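Structure record follows, encoded as structure tokens.
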Amino acid sequence: MTRFTVNGQAVHYRMDPATPLLWALRDASNLTGTKYGCGAGLCGACTVHVDGVAQRSCQIAIGAIEGSFVTTIEHLSGDRGHPVQQAWIAEAVPQCGYCQSGMVMAVAALLEKNRNPTDTDMDAAITNICRCGTTPRIRRAIRRAARVMAGVEEIAAAPPPGITPAGLHV
């Protein structure tokens with residue numbers, strides 16, 4: 001049995017210790033915000049935080065993180081209020097959206113360590129792949145989130161899950 005903490009809750013997985021964290025999160029914990037992309041650790045769609053560090057969950061065996069703290073996109077902010085999530089929406093970053101949860105997690109980890117990253121810092125820390133080509137918007141969103149985190153800028157909050165934004169007709 002493998003034990004660690006996921007999103008603030010102690011978990012005990014009765015799975016083979018060699019099981020990738022991605023599958024434990026998705027299949028056993030029903031945390032489907034963490035996406036399967038390539039399965040080889042290249043694309044970053046499965047990025048989560050392990051002890052505060054952005055990691056590719058498809059490449060981490062659950063047995064290797066015994067006692068660790070894992071944070072998924074679901075726990076980054078329950079109300080979409082994290083500055084990175086706010087900047088992502090404000091800068092209209094998502095297109096297909098598949099890579100977004102992993103990308104947001106990588107950016108959140110970067111900004112926890114470096115509140116004023118250069119393009120070189122961004123390139124080094126965020127190796128996630130976005131096939132939609134939104135890199136200019138991603139960079140704007142990172143800079144905007146950094147300003148929000150520094151208290152220099154505010155972004156009007158996105159509506160919580162399940163609430164339709166005012167003026168949007170569905």
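The values are calculated or read from the model by the stated rules, or taken from the named source; none is laboratory data. In this text, all values refer to a predicted model and were calculated from it rather than measured experimentally. Side chains included, ligands, DNA and RNA excluded: accessible areas come from the protein's heavy atoms. Shrake-Rupley method; radii C 1.70, N 1.55, O 1.52, S 1.80 Å.
With every protein chain present, what accessible area does residue 112 have (1.4 Å probe, heavy atoms only), rounded to the nearest 10 Å²?
For residue 112, solvent-accessible area is about 110 Å².
For the chain, report the accessible area per residue in Å² (1.4 Å probe, heavy atoms, rounded to an integer).
That works out to 52 Å² per residue.
Could you work out the relative contact order of the chain, using alpha carbon pairs under 8 angstrom and six or more residues apart, expressed as a whole percent?
23 percent
Calculate what fraction, in whole %, of the accessible area of the chain sits on carbon and sulfur atoms when a 1.4 Å probe is rolled over the protein chains.
52 percent
Using every pair of alpha-carbon atoms in segment 83-150, split the distances into 5 Å bins beginning at 0 and state the percent of pairs per bin, rounded to integers.
Result, from short to long distances: 3, 20, 35, 28, 11, 2, 0 percent.
So what is Rg over Rh here for the chain, counting just Cα atoms and using Kirkwood for Rh?
0.98
If each residue of separation counts as 0.36 nm, what is the full-extension length gain between residue 16 and residue 129 once their alpha-carbon separation is subtracted?
Once the chain is fully extended between residue 16 and residue 129, it gains 37.7 nm.
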